[in-house]
Number of protein chains: 2
Amino acid sequence: MPTYTPPLKDLEFVLHDVLKISESDIPGYADLDADFTGAILDEAGKIARDVLAPLNVVGDTQGCTLENGVVRTPDGFKQAFDMMRDGGWTGLGADPEYGGQGMPYLLHTAVGELFVSANLAFNMYQGLTMGAYEAIRAHASDALKDKFLPKMVSCEWTGTMNLTEPHCGTDLGLLRTKAEPQDDGSFKITGTKIFISAGEHDLSENIIHLVLAKIPGGPEGVRGISLFIVPKFIVNDDGSLGARNGVACGNLEEKMGIHGNSTCVMNFDGSTGYLVGEEHKGLRAMFTMMNAARLGVGLQGHAQASVAYQNAAEYARERLQGRAVTGTQNPDGPADPLIVHPDVRRTLMDQKAFVEGARAFLLWGAMLLDDGDLNGNKDSEGLLSLMTPVIKGFLTDKGFDCTVQAQQIYGGHGYIEETGASQFVRDARITMIYEGANGVQALDLVGRKLALDGGKYVMAFFEMVKGFIKENENDAALKADFLDPLKAASKDMQAAAMFFMQAGMKDPNAALAGSSDFMHLFGHVVLGLMWARMAKAAQAGIDSGVSDTKFCENKLATGRYYMKRLLPETALRLARINSGAEPVMGLAAEDF
Amino acid sequence: MPTYTPPLKDLEFVLHDVLKISESDIPGYADLDADFTGAILDEAGKIARDVLAPLNVVGDTQGCTLENGVVRTPDGFKQAFDMMRDGGWTGLGADPEYGGQGMPYLLHTAVGELFVSANLAFNMYQGLTMGAYEAIRAHASDALKDKFLPKMVSCEWTGTMNLTEPHCGTDLGLLRTKAEPQDDGSFKITGTKIFISAGEHDLSENIIHLVLAKIPGGPEGVRGISLFIVPKFIVNDDGSLGARNGVACGNLEEKMGIHGNSTCVMNFDGSTGYLVGEEHKGLRAMFTMMNAARLGVGLQGHAQASVAYQNAAEYARERLQGRAVTGTQNPDGPADPLIVHPDVRRTLMDQKAFVEGARAFLLWGAMLLDDGDLNGNKDSEGLLSLMTPVIKGFLTDKGFDCTVQAQQIYGGHGYIEETGASQFVRDARITMIYEGANGVQALDLVGRKLALDGGKYVMAFFEMVKGFIKENENDAALKADFLDPLKAASKDMQAAAMFFMQAGMKDPNAALAGSSDFMHLFGHVVLGLMWARMAKAAQAGIDSGVSDTKFCENKLATGRYYMKRLLPETALRLARINSGAEPVMGLAAEDF
């Protein structure tokens, strides 16, 4: 069975040595010194390792069951959820006004990595609740906020997002769920939603559904969508639970993975709902939720890669098979460990270089979010908005690839469910799909975000890369191994952006044909920047003489691997982008 | 539920327009005219489409069950197997001396694609039988051949390969299964084998296990391995079945996919076995089986990609979601079909360009095998031996990627088992692992095959590419779109081979660190060559005025996509190879 070792040292390195968070001017960050973050992460890591990780395979094997409308989660989920709630972990990043701990999003992200690595399916119950919390907090009336948020922050009540319908996923303009206004100001919601994660379960007293629906007579398409709160049990004015609302789980989906999370068909049958924000402005409110969720899904891609990698590395150290081509390494054993073989080492390095780079990217992204939220810094907000599809799309594409690489190391044993390597692959697969399939992320990036405010944020990103290179170009070791490759990759990205501007003006297909390639190109440049920053911090650690020298040297070696073997992918991506629309759009639909 | 449409036209195009098989001088090929192959493929296609494909999801859902030592296959498998047997399909490529149809391997391969696309798990029962048949035919005594082969050709008895033990997969030198000589010339086999596909089932009267074991007192390691026939039921001298042998299925493995095939733990408890070939020479005999099996597994990777792609394309044409960015395409519908979106189109083109290129590669490979076998052409045999790890490793890596891309097109629906998209991914995943994990294929390619006979075969490959380019360089359209990119890719491959020769002399790790990259580089150059040859044939078809012009134009467009967007990956692979051992081997084992 897989185990989980919280990567505390690496998290601390990124937070304090690379991002230097407690020196930043973001409100609340001054408190985030190494002692404080160390204590929190250590505690969260223990829960992840000892409580959540052992339940991961239980969730996969047992799955959820539906009987007479009641959904049961796998054995142990309820107790673990209670423990998370009792420990105050559910409201870590939430507003103290509603009972949260008021910690910055950055800390929520660092802790989140640990929980999600340990048990993705379990953590979704809580993650979706926080997404629903954000949307209600940002858009609902004070009365609704006061009524629902405190219990959601504590996860006594959990939350869901109800967008998808059988005929409508990405294209929300097609949705048919109806919301009819009632005399008391509430609405009657009728329709069917599918793929509703945590739509019904036995972990909480109440479930607060956020539902997109159309009020009859409103505008066509997405401009006629409104957002509603539909609680499973009506909440009385005194906060006590009243009658069961007309919403029920009609079916559980059989899925490829995340079996521990209940994926429900939800039937709304004249159920009572409360409008969140303004009529017909539901999409905007939903986007609040989706943007946060997309960052969360990017984290999932990384977190699954991280735990899969750990276990594969352990297996490669323990499994004896064959001899090193350069001479026996384990003369007392019947064979050498797998890890002596260069190709095994290569795939482990691929995984390690991605996982550590992605960790820095995610924490930096969280810092930008805090800078936007808490400092009101619009530039940080804009840059994060630009990079959100990259975090979601690139990190989940690559995260999934890493789980496949990790599984491969086990040989035949990786295909047998017993080792758990298959579960990481099957679970990670969903992250490329939900919260906007990765093709939709690429479309969002190239079709919308790139040109936002006249391309201001992508220009700012280029300036940031340039600035970092200029600032450090006198450091000879950094220059050859890190800055020069970063500069080359950044030039590829600039050339791609230029191509989109010129070709995309004439033919939008010319830009969109290369959208996924650009998402990956962008992701690689960010990871290149992260590795250059980490290398600088690691070198400084070595020079200081107080850091763990071995750790810093390994960081440099892993970074060099990234720059030499993974970052050069930018050239291939650029070549594809430059080939434009013709190769992609050359066939008629019926010719496939 | 997925469906399957046999790609008959494309198979015929490769056989007759590209490979021009009936004009070749390989014995038996003169009979393979379009009428003949058309009739066979049409008939096989019907069985694949109407009988095997509908059972694919049944196999996945029901799996196999073990009760009191008896393994039951999923509903319908037995009837379908009987039908395959009755139709003579099981012995298509087998020797008429043993009741086979005596068809060339080429036709076996073309027909095999259809069966494997329709139902991978089902086809393994028959495929493994043919592998065991090959090993027995090449190495066993006439008495054993006469006793076992006729019933194996008809699949009245099926076959298995028993190599792996719990502690030993790739490294067969570690195996512990013992074979003790008996006075009557037979052996008593004792040991446990795992991951035995089709090890026990209810499809045939008898199961003929080929088992690797060590005769006590023999040499250490792989030089002390012998190969044995161990039948489930002892076969009497008159051919009737006698007593049950001491071999039994102890457990069925829970796997990620291919649930319709029984993957068994096999316990040999003093079971009676018969030596195949010489004592201690078992590995050589097993390699006969494995080489054929590796070509078969490459075919599986391609075949799963092919059927997954077909279904994804159909879904993309039918599912309405969003509007084309260049203007509404389906004004009467609520939305446009997915296929209007450039990024959806891109992933379909990726799949189509791979699938059609791989099909040509596999059929060309089969032709080389026939030329070696039937004509005794050592150059063809050597070239195929060099490319066997590429066929196995590259085609299954890419084939799996295609199934993931196909699944992605369905959005959330692809993650639900109901659509069948997940099954293609889960089933295809095994092809990267079994018959030598793909890292082992890369090691075989770079560590052994590349330098075979002084590098004679890779040089011959380069000459072949050069020859094709020279021969056609006056064709302006072919030159710019196909020959120039092929030349650039081939140069990358030559540079990589040069690097291995120079760096590998000093440090084997420097070559092996790039072994997987070389396997992919090689695969891309072969597919580039295949596409150039297909483009030439398609252009000739258009010029002739008698071929299906639309088909030929689509072939050219798909080929241009491959050359423009996929083939340039060779440069990235070369860059990685040139980075040598240092980035890959930089960390100590304990630092992962």
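The values are calculated or read from the model by the stated rules, or taken from the named source; none is laboratory data. These figures come from a predicted structure and were not determined experimentally. Here the Cβ is made from the backbone with ideal geometry for all residues, glycine too, and neighbour counts use every protein chain on show. These accessible areas exclude ligands, DNA and RNA; they are computed on the full protein's heavy atoms, side chains included. Shrake-Rupley method; radii C 1.70, N 1.55, O 1.52, S 1.80 Å.
In this structure, does A:Ser154 turn out to be polar (S, T, N, Q) and closer than 21 Å to A:Gly257 by Cα? Considered against the rule, which asks whether it is polar (S, T, N, Q) and closer than 21 Å to A:Gly257 by Cα, A:Ser154 comes out as no.
A:Lys536 falls short on exactly one of the conditions (1) within 14 Å of chain B (Cβ to nearest Cβ); (2) open to solvent by 40 Å² or more (accessible area, probe 1.4 Å); (3) closer than 21 Å to A:Leu363 by Cβ, and that condition is (1).
Selection within the stretch B:398-435: residues that are of a type in the set (Ser, Thr, Tyr) and either over 24 Å from the mean Cα position of the chain (by Cα) or more than 7 Å from chain A (Cβ to nearest Cβ) (or both). The member of this set that is farthest from B:Met290 (Cα to Cα) is B:Tyr410.
Whether a residue is assigned to a helix (DSSP H, G or I), closer than 21 Å to A:Ala497 by Cβ and within 14 Å of another protein chain (Cβ to nearest Cβ) was assessed, and A:Gly393 passes this test. Kindly indicate whether A:Phe287 is of a type in the set (A, V, I, L, M, F, W, C), surrounded by fewer than 17 Cβ atoms within 10 Å (Cβ to Cβ) and part of a helix (DSSP H, G or I). Yes, satisfied.
Residue under question is B:Thr558, and the condition is that it be buried (at least 24 other Cβ atoms within 10 Å of the Cβ) and within 9 Å of chain A (Cβ to nearest Cβ); does it hold? Yes, satisfied. What's the total number of residues in the stretch B:319-356 that are at positive phi and either within 9 Å of chain A (Cβ to nearest Cβ) or open to solvent by less than 20 Å² (accessible area, probe 1.4 Å) (or both)? Total meeting the criteria: 1. Give the residues of the stretch A:26-75 that are touching a residue at least 60 places away in the same chain (Cβ under 8 Å), under 16 Å from A:Leu11 (Cα atoms) and of a type in the set (D, E, K, R), sorted by residue number. Of everything in the stretch A:26-75, just one residue is touching a residue at least 60 places away in the same chain (Cβ under 8 Å), under 16 Å from A:Leu11 (Cα atoms) and of a type in the set (D, E, K, R), namely A:Arg49.
To keep it simple, each residue is scored yes or no on (1) surrounded by fewer than 19 Cβ atoms within 10 Å (Cβ to Cβ); (2) of a type in the set (D, E, K, R).
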| position | (1), (2) |
| --- | --- |
| B:Asn474 | yes, no |
| B:Met493 | no, no |
| B:Gly504 | no, no |
| B:Asp507 | yes, yes |
| B:Ala513 | no, no |
| B:Trp531 | no, no |
| B:Asp548 | yes, yes |
| B:Pro583 | no, no |
| B:Ala588 | yes, no |
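The residues of the stretch A:169-205 that are closer than 18 Å to A:Asp269 by Cα and either among the polar types (S, T, N, Q) or touching a helix residue (DSSP H, G or I) at 6+ places or on another chain (Cβ under 7 Å) (or both), listed by number, are A:Thr177, A:Gln182, A:Ser186, A:Thr190, A:Thr192, A:Phe195.
Pairs meeting the criteria (first residue in the stretch A:111-130 and acidic (Asp, Glu), second residue in a helix (DSSP H, G or I), beta carbons under 8 Å, at least 6 apart or on different chains) are A:Glu113/A:Leu11; A:Glu113/A:Leu299; A:Glu113/A:His302; A:Glu113/A:Ala303; A:Glu113/A:Ser306; A:Glu113/A:Arg359; A:Glu113/A:Leu362.
Yes/no matrix, rows are residues, columns are (1) aromatic (Phe, Trp, Tyr); (2) closer than 22 Å to A:Thr129 by Cβ; (3) at pLDDT 95 or above; (4) in contact with a Phe, Trp or Tyr (Cβ under 9 Å, 6 or more places away or on another chain):
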position: A:Asp183; (1), (2), (3), (4): no, no, yes, no
position: A:Gly199; (1), (2), (3), (4): no, yes, yes, no
position: A:Ile208; (1), (2), (3), (4): no, yes, yes, yes
position: A:Gly221; (1), (2), (3), (4): no, no, no, no
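In the stretch A:468-484, is there at least one residue being within 14 Å of chain B (Cβ to nearest Cβ) and within 25 Å of the chain's Cα centre (by Cα)? The answer is no; no qualifying residue exists. With respect to (1) touching a Gly at 6+ places or on another chain (Cβ under 8 Å); (2) open to solvent by less than 30 Å² (accessible area, probe 1.4 Å), the lone exception for B:Asp17 is condition (2). The residues of the stretch A:429-472 that are open to solvent by 30 Å² or more (accessible area, probe 1.4 Å), on the phi < 0 side of the Ramachandran plot and either of a type in the set (Val, Ile, Thr) or in contact with a Lys or Arg (Cβ under 6 Å, 6 or more places away or on another chain) (or both) amount to a single one, A:Val440. The number of residues in the stretch A:250-281 being surrounded by fewer than 22 Cβ atoms within 10 Å (Cβ to Cβ) and assigned to a strand (DSSP E or B) comes to 9.
Scanning the stretch B:171-214 for residues that are within 13 Å of chain A (Cβ to nearest Cβ), acidic (Asp, Glu) and part of a strand (DSSP E or B) yields a total of 0.
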